[in-house]
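First the structure, which I've put down as structure tokens, then a few questions once you've had a look.
The values are calculated or read from the model by the stated rules, or taken from the named source; none is laboratory data. All of these numbers come straight from a predicted model, not from anything done at the bench. Positions of Cβ are generated from backbone atoms using ideal geometry, with glycine treated the same way; all protein chains shown enter the neighbour counts.
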Amino acid sequence: EDRIGGDPDLTPKGRFDAHRLWHYIKGLGYGNTELEVWTSKLKRTQQTAEEVEAEGYPMKRWLALNEIHAGICEGLTYADVKAEYPYIEKLRKEDKYAFRYPQGESYHDLVTRLERIILAVERVDRPVLVVAHQAILRALFAYFDNDAAEEAVNWDVPHAHVWRYSTWGHGASRLECISLENACDCKT
């Protein structure tokens, strides 16, 4: 619906993508003690991970993984914001990283909020599946790929993809994008 924030349920397409995610995870062969699943406190990430959780994988729900809070724009469409608050669109385009929604957050605020998530994920001794929102993923990708968060605010983060971050000795790492399109021969 092109809405900003809010806490809606998954759409039928989102439920289908969640099913494909489960098939992808199952295909990796991790036992339910070999993988942790982290979501935000918002319904759509929790619903995305329902099938994984139903199989007994440990689930953590983090407030810090919630989508950027859009303040007075929460739940509005971009067209609504443009009509009701034209100055918001202008200011956001000028500096998307520093722009703070009235009564909400900026990307800078979000990056600060994610510091404890980053510290926690670096301490975990097994793979972690993070089911998160676009702004959160942009900030995490910037951190783990050693890029500036200010640049990440405009990155494309498509739905129905898994982003796999791998590390190995001497600080080497790789971030790869995996489409779930062929994760199963599921029918819509």
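Take the residues in segment 75-107 that are assigned to a helix (DSSP H, G or I) and in contact with an Asp or Glu (Cβ under 9 Å, 6 or more places away or on another chain); name whichever of them is surrounded by the fewest Cβ atoms within 10 Å (Cβ to Cβ).
So, considering only residues that are assigned to a helix (DSSP H, G or I) and in contact with an Asp or Glu (Cβ under 9 Å, 6 or more places away or on another chain), the one surrounded by the fewest Cβ atoms within 10 Å (Cβ to Cβ) is A79.
For segment 54-66, which residues satisfy the criterion of being in contact with a Ser or Thr (Cβ under 9 Å, 6 or more places away or on another chain) and surrounded by fewer than 22 Cβ atoms within 10 Å (Cβ to Cβ)?
Selection gives G56, Y57, P58, M59, K60, R61, W62, L63, A64.
When the residues of segment 135-150 are filtered to those that are charged (D, E, K, R) and at pLDDT 95 or above, which remaining residue is farthest from A120 (Cα to Cα)?
E150
Still on this structure, please answer the following. Would you point out the residue of segment 149-188, among those that are more than 20 Å from the chain's Cα centre (by Cα) and among the hydrophobic types (A, V, I, L, M, F, W, C), that is farthest from V130 (Cα to Cα)?
Filtering segment 149-188 for residues that are more than 20 Å from the chain's Cα centre (by Cα) and among the hydrophobic types (A, V, I, L, M, F, W, C), the one farthest from V130 (Cα to Cα) comes out as C186.
Then there is this: Within segment 1-59, track down each residue that is in a loop (DSSP other than H, G, I, E, B), more than 14 Å from V162 (Cβ to Cβ) and of a type in the set (A, V, I, L, M).
Listed by number, the residues that qualify are I4, L10, L42.
Continuing with this model, one more query. For segment 135-188, give me the residue count where each residue is closer than 22 Å to R20 by Cα and of a type in the set (S, T, Y).
Counting residues in segment 135-188 that are closer than 22 Å to R20 by Cα and of a type in the set (S, T, Y) gives 4.
Here are some conditions: (1) within 30 Å of Y30 (Cβ to Cβ); (2) in a helix (DSSP H, G or I); (3) free of Cβ contacts under 8 Å to residues at least 40 places away in the same chain. I72 meets all but one. Which one does it not meet?
It is condition (1) that I72 fails.
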